1. Only one of these conditions is not met by residue 8: (1) in contact (Cβ under 8 Å) with a residue 24 or more places away in the chain; (2) surrounded by 13 or more Cβ atoms within 10 Å (Cβ to Cβ). Which number is it?
2. Please return the ranges of helices (runs of 4 or more DSSP H) entirely within the chain where 2 or more residues are at pLDDT 95 or above and polar (S, T, N, Q).
Amino acid sequence: MTEPTDPYSLTAELRKRLDEARVFLDLEGKATELDALREKVASPDLWEDPDEARNVSRRLARYQALFEKVNGLESRIDDAEVLVNISNDSWYGRSAARTGFSSM
């Protein structure tokens, strides 16, 4: 497989890979489980069993870190797409100014 070289294709490929990672990691299922873990942590009964409380807290922290990582990657891809668009608009603007053409 050849790697894309233009910025639009690169950001599209990154977004596609992130979407594939979401499916592979079962983030939809983990989101449901994350909600359940948050409810458990909020329950005062959980802390009656310190081992269970520790396990729930660890899983909650792992899932939160995973979602933070994925959301951070998505945000960076969004930023890259904006920068590519700004760069492209800027290039076309300079090009039109040099040739005397303007966009309608």
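1. Only one criterion in (1) in contact (Cβ under 8 Å) with a residue 24 or more places away in the chain; (2) surrounded by 13 or more Cβ atoms within 10 Å (Cβ to Cβ) is unmet by residue 8, namely (2).
2. 50-99
The values are calculated or read from the model by the stated rules, or taken from the named source; none is laboratory data. Note that the structure is predicted; figures quoted are calculated from it, not measured. FYI the Cβ positions are ideal-geometry reconstructions off the backbone, even for glycines, and counts take in every protein chain you see.
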